[in-house]
């Protein structure tokens, strides 16, 4: 049971490959780290894995049946910039409950205060917004989470607590998590296995 | 010895927002209650604290770019003079330089090279912009791209390049480093150090304590809109026993480089 990317290749400008012949596999309940330099294609790879964009070469497959229109996708992507992933004209309650209704227990685990629900996104800090993005990604249908630099806007204490809660939930529900980050110390603390985009990029050159 | 001339001093800063609840009924929230921070010439002051503790608001208050429903009290002094709203407008972008937190501050419809040229002297704007790109490891042809075509880390470097001007006396960097790989990171930190060594005062707002410590002189810790501690950078070492406040110690110990753990008492507060 796994999310599998086979022979992935991607570029923005023709023939300037960000990466090519990249194989990646994420199984149920596994925590995989993806590291790499800025501009090495980490975010593009995460968007490909989450089916937001099509790779130029290769394909992504999962064992589950494809999500029907209107259903939550089994692969959920959490973005680097929460302020870009949230509709600025919705109050936070609508943002949170767009796809399902999270219970109070999970809000508490991520430290989301009730008073934030009636605010607009602009009235919350980046770290506060990111908690909403994490909770809404934990839909009951979610099988894989792609976390693209999701904790850079958090202070160290919050970062520690949020990763612990998120990974605990993912282990309970056997969700596979791909953690994309350039922070080596963080990745080595959190992940079972780490792949580096820089190394695979070099292989292409060889 | 470094010069000790005070460039910026913020005393008892209080910021509150008026919100409309229903119809004409309003309510007030006070995210910043009492902030104190002062920075001398030639000094880098790191400002750290929980997310939502008012770090960005502090920066925006100094620059005079708070939203219209904000009310700001307290004394902000710049080079010995009160920093009034008119002064802020006059000085920002000239003597006071700002590196915003969100890459959303870039114009999505403008090529990034053009955005870096804003405010540079017309004559050699082209040349300076190319030099800046080179210094921060951006390719010349990246300048032709629009913000959506660049990665998060590259956008950071573009934002940083927009802040480099002559005659800067005060630099306010609001989390300039997330998403940047180690080499570009040290370029940026060294640039901040160079600002300070040239006599500017630098406020480095950040979560990345470890990187900040490599260049900063002092650290101010914020929590719930209050200054809880200002301390020398070297006190952030070992198990943090030289730090006064328990929250400063908690921040330090929670780093993945340190014990990556949070005490139960700290969590009760969360």
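Scan B:213, B:243 and give me the residue that is outside any helix (DSSP H, G or I) and at pLDDT 90 or above.
Answer to the selection: B:243.
Would you please name the residue that is farthest from the chain's Cα centre (by Cα), looking only at residues in the stretch B:240-261 that are crowded, with 18+ Cβ neighbours inside 10 Å and within 7 Å of chain A (Cβ to nearest Cβ)?
Filtering first and then ranking leaves B:260.
For residues in the stretch A:167-176 being part of a helix (DSSP H, G or I) and under 14 Å from the mean Cα position of the chain (by Cα), which is nearest to the other protein chains (Cβ to nearest Cβ)? So that I can check it myself, show each step before the final result.
Restricting attention to the stretch A:167-176, the residues satisfying the condition of being part of a helix (DSSP H, G or I) are A:167-173.
Subset that is under 14 Å from the mean Cα position of the chain (by Cα): A:167, A:170.
Values: A:167: 12, A:170: 17 Å.
Per the criteria, the residue is A:167.
Do we find that residue A:179 is more than 18 Å from residue A:96 (Cβ to Cβ), surrounded by fewer than 19 Cβ atoms within 10 Å (Cβ to Cβ) and more than 8 Å from chain B (Cβ to nearest Cβ) in this structure? Outline the logic, then answer.
Working: more than 18 Å from residue A:96 (Cβ to Cβ): yes; surrounded by fewer than 19 Cβ atoms within 10 Å (Cβ to Cβ): no; more than 8 Å from chain B (Cβ to nearest Cβ): yes.
No, not satisfied.
Residues checked against (1) away from chain B (no Cβ under 14 Å); (2) more than 30 Å from residue A:115 (Cβ to Cβ); (3) surrounded by 15 or more Cβ atoms within 10 Å (Cβ to Cβ):
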residue: A:34; (1), (2), (3): no, yes, yes
residue: A:47; (1), (2), (3): no, yes, yes
residue: A:51; (1), (2), (3): yes, yes, yes
residue: A:58; (1), (2), (3): yes, yes, yes
residue: A:92; (1), (2), (3): no, no, yes
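So, in the stretch B:97-136, of the ones that are within 14 Å of chain A (Cβ to nearest Cβ) and surrounded by fewer than 18 Cβ atoms within 10 Å (Cβ to Cβ), which residue ends up modelled with the lowest pLDDT? Show your work before the answer.
Applying the first criterion (within 14 Å of chain A (Cβ to nearest Cβ)) to the stretch B:97-136 yields B:100-106, B:108, B:112, B:133, B:136.
Pick out the ones that are also surrounded by fewer than 18 Cβ atoms within 10 Å (Cβ to Cβ) and you get B:102, B:104-105, B:108.
On the way: B:102: 75, B:104: 79, B:105: 84, B:108: 91.
Among residues in the stretch B:97-136 that are within 14 Å of chain A (Cβ to nearest Cβ) and surrounded by fewer than 18 Cβ atoms within 10 Å (Cβ to Cβ), the one modelled with the lowest pLDDT is B:102.
Could you please give the count of residues in the stretch B:144-156 that are over 18 Å from residue B:100 (Cβ atoms) and modelled with pLDDT under 90?
1
Only one residue in A:112, A:122 is surrounded by 17 or more Cβ atoms within 10 Å (Cβ to Cβ) and on the phi < 0 side of the Ramachandran plot, so which one is that?
Values: A:122 fails: surrounded by 17 or more Cβ atoms within 10 Å (Cβ to Cβ).
Of A:112, A:122, the one residue that is surrounded by 17 or more Cβ atoms within 10 Å (Cβ to Cβ) and on the phi < 0 side of the Ramachandran plot is A:112.
When residue B:235 is evaluated against the numbered criteria (1) under 27 Å from residue A:110 (Cβ atoms); (2) more than 14 Å from chain A (Cβ to nearest Cβ), which criterion, by number, is the only one it fails?
Evaluating residue B:235 over (1) under 27 Å from residue A:110 (Cβ atoms); (2) more than 14 Å from chain A (Cβ to nearest Cβ) leaves (1) as the failure.
Check whether at least one residue in the stretch B:48-65 is within 14 Å of chain A (Cβ to nearest Cβ), assigned to a strand (DSSP E or B) and at pLDDT 90 or above, and report yes or no. Lay out the reasoning, then the answer.
Narrowing the stretch B:48-65 to residues within 14 Å of chain A (Cβ to nearest Cβ): B:48-60, B:65.
Within this subset, residues satisfying the condition of being assigned to a strand (DSSP E or B) are B:48-49.
So of that shortlist, the ones also at pLDDT 90 or above come out as B:48.
For the stretch B:48-65, residues within 14 Å of chain A (Cβ to nearest Cβ), assigned to a strand (DSSP E or B) and at pLDDT 90 or above: present.
Within the stretch A:135-166, track down each residue that is in a helix (DSSP H, G or I) and away from chain B (no Cβ under 13 Å).
Restricting attention to the stretch A:135-166, the residues satisfying the condition of being in a helix (DSSP H, G or I) are A:135-137, A:156-166.
Selection gives A:135, A:136, A:137, A:166.
So residue B:230 ticks every box in (1) in contact with a strand residue (DSSP E or B) (Cβ under 8 Å, 6 or more places away or on another chain); (2) within 14 Å of another protein chain (Cβ to nearest Cβ) but one. Which box is left unticked?
In the conditions (1) in contact with a strand residue (DSSP E or B) (Cβ under 8 Å, 6 or more places away or on another chain); (2) within 14 Å of another protein chain (Cβ to nearest Cβ), residue B:230 misses (2) alone.
When the residues of the stretch B:57-75 are narrowed to those that are in contact with a helix residue (DSSP H, G or I) (Cβ under 8 Å, 6 or more places away or on another chain) and buried (at least 20 other Cβ atoms within 10 Å of the Cβ), which ends up nearest to residue B:103 (Cα to Cα)?
Once the filter is applied, the top-ranked residue is B:63.
Could you check residue B:26 against (1) over 30 Å from residue B:197 (Cβ atoms); (2) surrounded by 13 or more Cβ atoms within 10 Å (Cβ to Cβ) and say which number it fails?
(2)
The values are calculated or read from the model by the stated rules, or taken from the named source; none is laboratory data. Treat the numbers as computed from the prediction; the structure is a model and nothing was measured. No Cβ is skipped: glycine too gets one built from the backbone with ideal geometry, and neighbour counts run over all protein chains shown.
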